[in-house]
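Working notes for the structure below.
Derivation of every value follows stated rules applied to the coordinates shown; laboratory data play no part. Note that the structure is a prediction, hence the values are computed from the model and not measured. With ideal geometry, Cβ positions are generated from the backbone for all residues, glycine too; neighbour counts draw on all protein chains shown.
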Amino acid sequence: MTYKEFNNVINSRFIFGDFDLILKEVKELSGFRDKEKLVSSFSLLFLAPLKCNAEQGVYELQHENLGMLSIFLVPLGSDEKGHQLEAIFN
């Protein structure tokens, strides 16, 4: 998956078991060189409902356009809107 593919679906729904995650942000991170090519890195920030208590780990997320994805999610924190979960792609 690429930055552009996720950037095209910001604010869309990813099905996560019995819950919906909303992709709130796609952020480019500094790239790095891998042998001869520049590898781009980016992060995804999802918002999960407060009822969803996801721990750090790999989860299956379903998206209507992107299909089924296995993504490593890390909880960042919570507020009155819900839980923030982050994924990093290198």
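Calculate, in nm to one decimal, what ILE22 and ASN65 gain on full extension: separation in residues at 0.36 nm each, minus their alpha carbon distance.
Full-extension gain reported as 14.1 nm.
Taking H placed 1.01 Å from N in the peptide plane, check which residues at least 5 places from HIS83 or on another chain put their amide H under 5 Å from its amide H.
For HIS83, the qualifying residues are ALA48, LEU50.
Report the label-to-label distance for LEU29 and ARG13 in nanometres (one decimal), using points 7 Å from each Cα along the Cα→Cβ vector.
Going from the LEU29 label point to the ARG13 one covers 2.9 nm.
So I have (1) 14.8; (2) 6.7; (3) 6.0, and one of them is mean projected area of the Cα convex hull in nm² calculated from this model. Which one is it?
(3)
Any chance you could count the Lys pairs in the chain whose alpha carbons are under 15 Å apart, treating pairs 8 or more apart or on different chains as valid?
4
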